[in-house]
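Visitor: Once you've had a glance at the structure underneath, I'll fire off some questions.
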Amino acid sequence: MANYQLKLSEVKPTWFKLLILIFIGLPPFTGWPLSRFMSGNYAVHNISVWTAYGVFIWLFTGLNVGGKQLLKYLSVAFTASLLILMLTGVFSHIPFLNPEKPADESLALSYTSAMTFVIMIAVIPYGLFAINCFSASAYVQTLQFQSGKRFKFKVHLALALRVCQHVGDVLMKLFDIWREENPRLIRPRFATDLNESKLSFIGYILWFKNAVVTWCFALLSHTFEAIPYFSEEMRIVINHKHQKIK
Amino acid sequence: MENKWTLGKTAVVAALTALAALGTMIIRVPIFISTGYFNIGDIFVILAGLWLGPVPGLIVGAFGPAVADAVGYPQFIVATFLIKGTEGLAVGLIGGGPFVTSIKRKASAAVCGGLIMVFGYFVFEAFIYPFIGNYVPFFKVTNLAGAYGELPANITQAVLGVVGGMAMWKPLSNRR
């Protein structure tokens, strides 16, 4: 793959790179042009159209970032997509959340789940690639030679970009971190704990609440721990600029 | 966190926006009747409003979940941008920003935010989208029955957002 590497991240000017990324990522936002090939009556056909788009996206991303990085993106995409599939299956049995199910319930459930799964495994790797296509470090370096009214706004923009890229990195490690920090929530040898009580249903609700809250806290703490360093880096850029002006 | 817009505030707002997008995207459960979905993104929107104030709440609410809607639910981007943006703004305005620590005031702000979300999606799905859908078929995804059907899921989502947002605001409120 390395022999045929595309280098979209090095394309200049930036607006042209952005245009290419938007054009390739247009189907998830608008449905176009995939909607032209889709048919209302043929579920398999529609899923195949999205699968073809997914294969194109993987190929494009893989050619840009290499196989190893693509696998990292795919691990995030598959973890998230499989989680959604499982939740869809479980929650579809709760009448409170789905009061009026369609007549051919299992077919609709399968179609919706399969479609969501295919769209997510196509779009998540592309989203992560698109964010990392813009180099925050290079942007910060160019800022050191710039001035003008919008200088501070640009520094804030560079910081926001750097933080968003960092969240993408955190996401790739988060599942392992979350599993290590909360072994009782996920490892099979603890799964029987939930069935010991006669009120096991309440146990599963508590499990879900604990899983969500600890996941959110893990996401927050691992995201926020790097923020002081990023802010300090940008502060140095601003101070350096002020010293130059003086 | 100071009242003026600092680099630290930008970093935290960017992080919460990305987290709101992730929260909306990663835990989502499709709701058949309205073609919408249940998610936990509101936790981060309400947290942003409670912790940082109205403008950060507006930014996190408007941009985070709307980006997540692009994956599989593009027809809801406009509604989400407006509704969740208003939700974050209202939570920030009622909650009083980072310098107010009254739990009662914060709780009522979070509840108001949740209600805005439930009411906003109902109005969009019951009236606005069916109307626009007559002219632009892309938006013809919901109707009045669908909007009623989605109410329980949206109320559950709002409750989860309020509880989760308050639970996260409490330990963070000492860090300004």
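Bear in mind that the values in this text are calculations on the coordinates, not laboratory data. All figures in this text were calculated on a predicted structure; none of them were measured in a lab. Cβ sites come from the backbone with ideal geometry, for glycine too, and all protein chains shown count toward neighbours.
Visitor: Between B:Gly72, B:Gly53, B:Gly64, where does the largest GNM mean-square fluctuation fall for chain B, given springs only between Cα atoms within less than 10 Å?
Guide: Among B:Gly72, B:Gly53, B:Gly64, the largest mean-square fluctuation in the Gaussian network model of chain B belongs to B:Gly72.
Visitor: For A:Tyr139, A:Tyr53, A:Tyr73, which order do you get if you count the other beta carbons within 10 Å of each Cβ and list the fewest first? Please report the intermediate quantities before stating the final value.
Guide: On the way: A:Tyr139 17, A:Tyr53 21, A:Tyr73 24.
With the fewest neighbours first, A:Tyr139, A:Tyr53, A:Tyr73 line up as A:Tyr139, A:Tyr53, A:Tyr73.
Visitor: Could you compute the net charge surrounding A:Ile131? Neighbours are other residues with a C-beta less than 14 Å from the C-beta of A:Ile131; K and R count +1, D and E count -1.
Guide: +2
Visitor: Here is a further query. Find out how many positive minus negative residues lie around B:Gly161, taking Lys and Arg as positive, Asp and Glu as negative, among other residues whose Cβ is under 12 Å from that of B:Gly161.
Guide: My count for the surroundings of B:Gly161 gives -1.
Visitor: I would also like to ask the following. Around B:Phe119, what is the net charge, scoring Lys/Arg as +1 and Asp/Glu as -1 over all other residues with Cβ under 14 Å from its Cβ?
Guide: -3
Visitor: As I understand it, the value is the acute angle between the Cα axis of helix B:42-52 and the longest principal axis of the Cα atoms of chain B; what does it come to in degrees, rounded to 10?
Guide: 30 degrees
Visitor: Using the alpha-carbon centroid of each, what span in Å lies between region A:152-181 and region B:56-135?
Guide: 24 Å
Visitor: Return a whole-number percent for the relative contact order of chain B, with Cα pairs under 8 Å and 6 or more residues apart as the contact set.
Guide: 25 percent
Visitor: Listing A:Lys17, B:Lys84, B:Lys4, A:Lys68 from the residue with the fewest other Cβ atoms within 10 Å to the one with the most, what is the order?
Guide: Listing A:Lys17, B:Lys84, B:Lys4, A:Lys68 from fewest to most nearby Cβ atoms yields B:Lys4, A:Lys68, A:Lys17, B:Lys84.
Visitor: Collect residues whose amide H, placed 1.01 Å from N in the peptide plane, falls under 5 Å from the amide H of B:Tyr37; neighbours closer than 5 in sequence don't count.
Guide: Placed amide hydrogens put B:Ile31 under 5 Å from B:Tyr37.
Visitor: Further question: By per-residue mean of other Cβ atoms within 10 Å, what is the highest-first order of B:132-143, A:163-174?
Guide: In descending order of packing, they fall as A:163-174, B:132-143.
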